[in-house]
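Trainee: Pasting a structure below so you can have a look.
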Amino acid sequence: MTATYKALRLTRFARSFRDAVEAVDLPLAAPGPGEIRVRNHWCGVNGIFDTQIARNAVDYIRIPLPTWTGVEAIGVVEAVGDGVTDFRPGDAAVTNRFTGGYREANIAPASQFIRTPSADRDYLALASTGVSALLALEHVGGLKDGETVAISAAAGGLGHLLVQLAKLRGARVIAVCGGEEKGAFVRALGATRVIDYRREDVGKVLAAEFPNAINLAIDTVSGPIFDAFLDNVAPLGRVVVAGAAQDLDGKPEIVTAPRISNKLYYKGASVRGFMNGLLTDLWPEARQRLFNLHAQGKISVTFDARGHRGLMNVPDAVEHLLSGRSMGKVVVDLRP
C-alpha cells in the first residue's frame with residue numbers, strides 16, 4: 001500500500017475558508033531532482049489572508065481552482081532529491097511560500113525552504129510573522145530610534161512582535177488591544193500606553209494624550225482605529241496599512257469627513273501599504289537578524305494558549321484567529 005499524507009485544497013470560492021476547502025490524500029512520493037520532502041510539524045495560521053484567498057479577493061495572486069492552501073510550515077527533512085546539497089535527512093526546514101502550509105508533508109524545490117536550528121515553532125513564527133513585523137516597521141514604516149509608534153491588535157501574532165522590535169529601537173509604544181489580559185500582556189512587553197478599545201475610545205485617548213504625535217502607526221484593523229491613527233499622525237509621520245481585519249469585504253462607505261489628502265498634505269504625512277509577499281528579496285537578511293535577536297534573548301515569541309492539533313482543525317484555528325480572542329501567534333500542531 002502506498003503511503004499518503006493529507007493536504008487542504010481550495011476547491012471552490014466561498015465566504016469562509018471552512019466552506020472553500022477539503023482534505024485530500026496525496027501520495028508520499030520521493031522528491032525529484034532539486035526537491036526535498038519535509039514532514040511538517042507545525043503550520044502557521046493567517047486568518048485574514050486565508051479568508052481572502054477563499055473569497056478570491058487577493059489582488060496580487062491569481063487563484064486557479066483547485067489549488068493548495070496555507071503559507072508557512074516547519075518540519076524535518078525526510079528525503080532529498082538528486083542535486084540537493086543544502087539539506088540532508090534530519091535537517092529542520094521552514095517554508096514561507098503560498099501552498100506550502102496546510103499539509104502534513106511538503107515535496108517542493110529545495111530553494112523554497114530555509115534550514116533552521118530546529119523544527120521548533122519559534123523559528124516558524126520568526127521566519128514568517130517576525131519578518132513581516134521587522135519589514136513593516138523598518139522598510140515600509142521607516143522607523144527611527146526613539147519615535148512614538150502606535151500599533152493596533154498589539155497582542156496578536158504580528159502585534160506582539162511589533163511591540164518588542166519597536167522597543168528595541170527605543171520607541172514609545174502605544175498599544176491598542178481588547179481586554180485586561182491582553183493589556184497586561186503587551187504592557188509586560190514594554191508598551192508605554194495601552195488603550196483597551198473595549199473600554200476606551202481610541203480616537204479620544206489619542207487626541208487627549210498624543211495629539212499630532214504619532215510618528216509611525218502600524219494598523220492591521222482598519223475602520224475607526226485607522227481613522228484615529230491618521231487624525232493624530234505627527235508632521236512627517238507614517239501610517240502603515242498591514243491588514244484590514246474590519247474591512248475584509250472592502251465595501252463602499254459614506255464618508256462624512258474631509259478626504260484623506262486633506263489630513264496628510266499640511267503635515268507632510270503619508271499612508272503606506274505593506275504586503276510582505278512583495279518583499280521577498282528582503283526576507284533573508286530580516287530572517288537572520290530575527291534569529292540572532294531571538295538567540296540573544298532580545299525578543300521572544302508567544303503562542304496562543306488555545307491549542308489546535310491536526311490538519312483537520314485548521315479551519316477552527318482560522319476562525320479562532322478571526323474572532324479576536326487569540327493572543328500571540330496562532331499555529332496548528334501537525335505532529336502525529
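Trainee: Under 13 Å from the Cα of LYS267, which aspartates and glutamates turn up, not counting those fewer than eight places away in the same chain?
Mentor: Within the straight-line limit of under 13 Å, LYS267 reaches these aspartates and glutamates: ASP231.
Trainee: Here is a further query. Let's see if you can work this out: charge +1 on each Lys and Arg Cβ, -1 on each Asp and Glu Cβ, no other charges. What is the dipole magnitude of the chain about its Cα centre, in debye to the nearest 20?
Mentor: Details: 38 positive and 35 negative charges, 63 e Å.
The dipole of the chain has a size of about 300 debye.
Trainee: Moving to a separate point now. Given R₀ = 25 Å, FRET efficiency for THR256-SER16 by Cβ-Cβ distance, to 0.05? Don't skip to the answer; put the middle values down first.
Mentor: Numbers: r = 32 Å, r/R0 = 1.28.
Given R0 = 25 Å and the Cβ-Cβ separation, E is 0.20.
Trainee: Relative contact order, percent, of the chain when contacts are C-alpha pairs under 8 Å separated by at least 6 residues? Before the final figure, lay out the partial values.
Mentor: Values: 731 pairs, mean separation 57.2, N = 336.
Dividing the mean separation by the residue count of the chain yields 17 percent.
Trainee: Could you compute Rg(Cα) / (2.2 N^0.38 Å) for region 7-54, with N its residue count? Walk me through the intermediate numbers first.
Mentor: Numbers: Rg = 13.7 Å, N = 48, 2.2 N^0.38 = 9.6 Å.
Working it through for region 7-54, the quotient is 1.43.
Trainee: Mind checking which lysines have their C-alpha under 16 Å from LYS144, skipping anything on the same chain fewer than 8 residues away?
Mentor: LYS167
Trainee: If you don't mind, there's one more thing I want to ask. Mind jotting down the distance between the C-alpha centroids of region 1-68 and region 213-239, whole Å?
Mentor: 35 Å
Trainee: Of LEU26, LEU216, PRO109, which is farthest along the charge dipole of the chain in the positive direction, counting Lys and Arg as +1 and Asp and Glu as -1 at C-beta?
Mentor: Final value for the positive-end residue is LEU216.
Trainee: Taking N as the number of residues in the chain, what is its alpha-carbon radius of gyration divided by 2.2 N^0.38 Å? Show your work: numbers first, answer last.
Mentor: Details: Rg = 20.4 Å, N = 336, 2.2 N^0.38 = 20.1 Å.
Here the answer is 1.02, to two decimals.
Trainee: Would you work out which of LEU135, ASN46, THR280 lies farthest towards the positive end of the dipole of the chain? Charges go on Cβ: Lys and Arg +1, Asp and Glu -1.
Mentor: LEU135
Trainee: Give me a comma-separated list of calculated 3J(HN,Hα) values for region 7-14, in order, Karplus coefficients 6.51, -1.76, 1.60 applied at θ = phi - 60°, integers in Hz, x for any Gly or Pro.
Mentor: 9, 8, 10, 7, 9, 7, 8, 8
Trainee: Right, another one. Take the Cα atoms of region 142-273, build their convex hull, and give its volume per residue in Å³. Walk me through the numbers on the way to the answer.
Mentor: Details: hull volume 13.8 nm³, N = 132.
Roughly 104 Å³ of hull volume per residue.
Trainee: State the dimensionless ratio Rg/Rh of region 1-157 (Rg: radius of gyration of Cα atoms; Rh: Kirkwood radius).
Mentor: Numbers: Rg = 17.3 Å, Rh = 17.0 Å.
Rounded to two decimals, Rg/Rh equals 1.02.
Trainee: Using a Cα-Cα cut-off of under 16 Å, which aspartates and glutamates could be cross-linked to LYS298, ignoring same-chain neighbours fewer than 8 residues away?
Mentor: Output for LYS298: ASP122.
Trainee: In angstroms, what radius of gyration and Dmax does region 281-336 have, counting Cα atoms only?
Mentor: Every Cα atom of region 281-336 included, Rg and Dmax give 14.3, 36 Å.
Trainee: If the elastic network links every pair of Cα atoms under 10 Å, which of ARG121, ARG103, ARG169 fluctuates the most in the Gaussian network model of the chain?
Mentor: ARG169
Read-outs: derived from the displayed coordinates by stated rules, not from any lab. Every value quoted in this text rests on a predicted model; they were computed, and no experiment measured them. Backbone-built Cβ (ideal geometry, glycine too); neighbour counts: all protein chains shown.
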